[in-house]
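We did not get these values from a lab; they are worked out from the coordinates using the rules stated. The model shown is predicted, which means the values in this text are computed figures rather than measured ones. Cβ sites come from the backbone with ideal geometry, for glycine too, and all protein chains shown count toward neighbours.
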Amino acid sequence: MNIHQMSVNYVERQDRLMLRVNTQDGQEFRLWLTRRLTGRLLPHLQGCVVQLETRNPQVSVADPAAQQMLTELQRETFLEKADFSTPFTSQAPELPLGEEPILVTDVQLNMHSSGTLNVVFKDHSGNNATGRSCQLGLQLSLLHGLLHLIAQALQQANWRMDGPAVTPQNDAADPSTPLRPNYTH
């Protein structure tokens, strides 16, 4: 999937974040992220950013504090170049997952040696055991952008998820371990 645009908005009536992804092929994927899932997902995504940054031999440092500062600097550099002013376009898109957003109940993160984070959002709610899913391949710049959009939506939602950033040494940041919340909606 070639991502063209991403959008994350707080929908007060649902008390959820809506993640929308447009592809260059004219498809749109709509996903609901609950507060609980977002709170569990964010540290993993932040840890993946640090891990992707440490894989770049040009910016690798041994000290975790220095690596965190370098990651923050890389994020700021990306955000200066990113286009957050162009409105999200949704003109008669093809909706492979349907009109209604899927309720994300499971997330699986897989880091690839190519420097891409593969994120699989799954909906296993209701009676459908197989559920629906959406897979995104995020380069580091898109991951920085997604984290920025989520942070903006969290401010709007006033959810206050200001937990400590996860470092690569923390087992919770291990992207090979699927993130599987132990709850159903």
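Tabulated results
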quantity: Chain lengthening between TRP159 and ARG36 when straightened (0.36 nm per residue, less Cα-Cα); calculated: 43.3 nm
quantity: Sites ASP25 and GLU100, calculated FRET efficiency, Cβ-Cβ separation with R0 30 Å, nearest 0.05; calculated: 0.90
quantity: Gain upon complete extension [ASN2, ASN118; 0.36 nm per residue less C-alpha separation]; calculated: 40.5 nm
